[in-house]
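Step one of this worksheet: look at the structure below.
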Amino acid sequence: MVIAVWIVSGLLALANLAAGGFKLARPREKLIPVQPWTEDFSAPQIKGIAALEVLGALGLILPPLTGVLPILAGVAAAGIAVLQIGALVTHVRRKETVVPNLVLIVLALFVSVTRFLGY
């Protein structure tokens, strides 16, 4: 079970780090053609979402890796789930696909629950 938690945590961290880094590195105007949902948000809101994704990714890996407050990995995973629920609502409202968000929510909840159980 520990290996599965680490694999899922790593994949979830990579997905959030890539998504957050992508949004942090580009101005809003260049994001709109690639991610149309960004037209509904201001530049600071997009950067805030991106920062939360990057921090969530770091929170999934660093606490259990260093042994310093490993429970924070469960908190980070729960935060990612909440962030993805917000994304899901946005995509439903825009009548866009929600499958990636559902997958990320399930993965984040799996990591959160298993980390809180001590894995």
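The values are calculated or read from the model by the stated rules, or taken from the named source; none is laboratory data. Because the structure is predicted, anything quoted here is derived from the model rather than measured. Because the Cβ atoms are built from the backbone with ideal geometry, glycine has one as well, and the counts that use them run over all protein chains shown.
Quick check on my filter: what residues within the stretch 85-100 are outside any helix (DSSP H, G or I), of a type outside the set (Val, Ile, Thr) and free of Cβ contacts under 8 Å to residues at least 24 places away in the same chain? Before the answer, list the steps.
Applying the first criterion (outside any helix (DSSP H, G or I)) to the stretch 85-100 yields 94-98.
Filter again for of a type outside the set (Val, Ile, Thr), leaving 94-96.
The answer is Lys95, and nothing else.
Tally the residues that are more than 23 Å from Lys95 (Cα to Cα), aliphatic (A, V, I, L, M) and exposed (fewer than 14 other Cβ atoms within 10 Å of the Cβ), restricting the search to the stretch 1-50.
8
Among (1) modelled with pLDDT under 95; (2) in contact with a Lys or Arg (Cβ under 8 Å, 6 or more places away or on another chain), where does Ile49 come up short?
All conditions are met except number (1).
Taking only the stretch 104-119 into account, find how many residues are more than 16 Å from Ala57 (Cα to Cα) and out of contact with any helix residue (DSSP H, G or I) (no Cβ under 7 Å at 6 or more places or on another chain). Spell out how you get there, then give the answer.
Going residue by residue through the stretch 104-119, those that are more than 16 Å from Ala57 (Cα to Cα) are 113-114, 116-119.
Filter once more, keeping what is out of contact with any helix residue (DSSP H, G or I) (no Cβ under 7 Å at 6 or more places or on another chain): 113, 117-118.
So the answer is 3.
Return the only residue of Val82, Val68, Val103 being free of Cβ contacts under 8 Å to residues at least 40 places away in the same chain, assigned to a loop (DSSP other than H, G, I, E, B) and within 27 Å of Met1 (Cβ to Cβ).
Numbers: Val82 fails: assigned to a loop (DSSP other than H, G, I, E, B); Val103 fails: assigned to a loop (DSSP other than H, G, I, E, B).
From the options Val82, Val68, Val103, the qualifying one is Val68.
Okay, residues lined up against (1) among the small types (Gly, Ala, Ser); (2) more than 11 Å from the chain's Cα centre (by Cα):
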residue: Leu83; (1), (2): no, no
residue: Thr90; (1), (2): no, yes
residue: Arg93; (1), (2): no, yes
residue: Ser112; (1), (2): yes, yes
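Collect the residues in the stretch 1-20 that are under 15 Å from Leu83 (Cβ atoms) and in contact with a helix residue (DSSP H, G or I) (Cβ under 8 Å, 6 or more places away or on another chain), keeping them in residue-number order. Talk me through it step by step, then tell me what you get.
Of all residues in the stretch 1-20, those under 15 Å from Leu83 (Cβ atoms) come to 12-13, 15-20.
Once the filter is applied, which keeps residues that are under 15 Å from Leu83 (Cβ atoms) and in contact with a helix residue (DSSP H, G or I) (Cβ under 8 Å, 6 or more places away or on another chain), the stretch 1-20 yields Leu12, Ala13, Ala15, Asn16, Leu17, Ala19, Gly20.
Kindly provide the set of residues from the stretch 86-119 that are within 25 Å of Val34 (Cα to Cα), of a type in the set (A, V, I, L, M, F, W, C) and surrounded by 15 or more Cβ atoms within 10 Å (Cβ to Cβ), ordered by number.
If the condition is that a residue be within 25 Å of Val34 (Cα to Cα), of a type in the set (A, V, I, L, M, F, W, C) and surrounded by 15 or more Cβ atoms within 10 Å (Cβ to Cβ), then Ala87, Leu88, Val98, Leu104, Ile105, Leu107, Ala108 are the ones that fit.
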